[in-house]
Amino acid sequence: MKIKNNFVLKKIAGSYVVVPVRTRAVDFSGIIKLTESGAFLWKLLEKGADREELIAKMLEEYAVDEATAAADIDRFVAKLREADLIE
């Protein structure tokens, strides 16, 4: 999985937001706000991480069990797919 081109993660006033740039700015209306863990996963997805890598990195970074991490990641990825943000 990988974040589509022309979307950039920015930290603004302590909040993480996804900003469309170039041609995406014309096609995409709205704003996406991410939590700290969402931003963490977004950065991994920018590099093309797969589900197993996302889970492993989440377990390294946060005090969470594997089942909870997997379920949260699945929901997050589903929302990104729904918004057409990942390939």
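Every number in this text was worked out from the coordinates using simple rules, so none of it is lab data. Source: prediction; values computed, not measured.
Of note:
- 0 to 90° range, to nearest 10: angle between helix 36-46 axis and the chain longest Cα axis: 70
- Taking the chain as a Gaussian network of alpha-carbon nodes connected by springs under 10 Å, the highest mean-square fluctuation of the residues Leu59, Leu44, Leu34 belongs to Leu59.
- Under the Debye formula (equal points on every Cα, no solvent term), log10 I(q)/I(0) of the chain at q = 0.10 Å⁻¹: -0.24
- Cα-based helix-to-principal-axis angle, 51-61 vs the chain, degrees rounded to 10: 70
- Seen against the Cα atoms of the chain and their longest principal axis, helix 66-82 is set at about 20 degrees.
- Full-stretch length increase - Tyr62, Asn5 - with 0.36 nm per residue and alpha-carbon distance subtracted: 17.7 nm
- 222 nm mean residue ellipticity, helices alone, for the chain (DSSP H n ≥ 4; -39,500 (n - 2.57); rounded to 500): -15500 deg cm²/dmol
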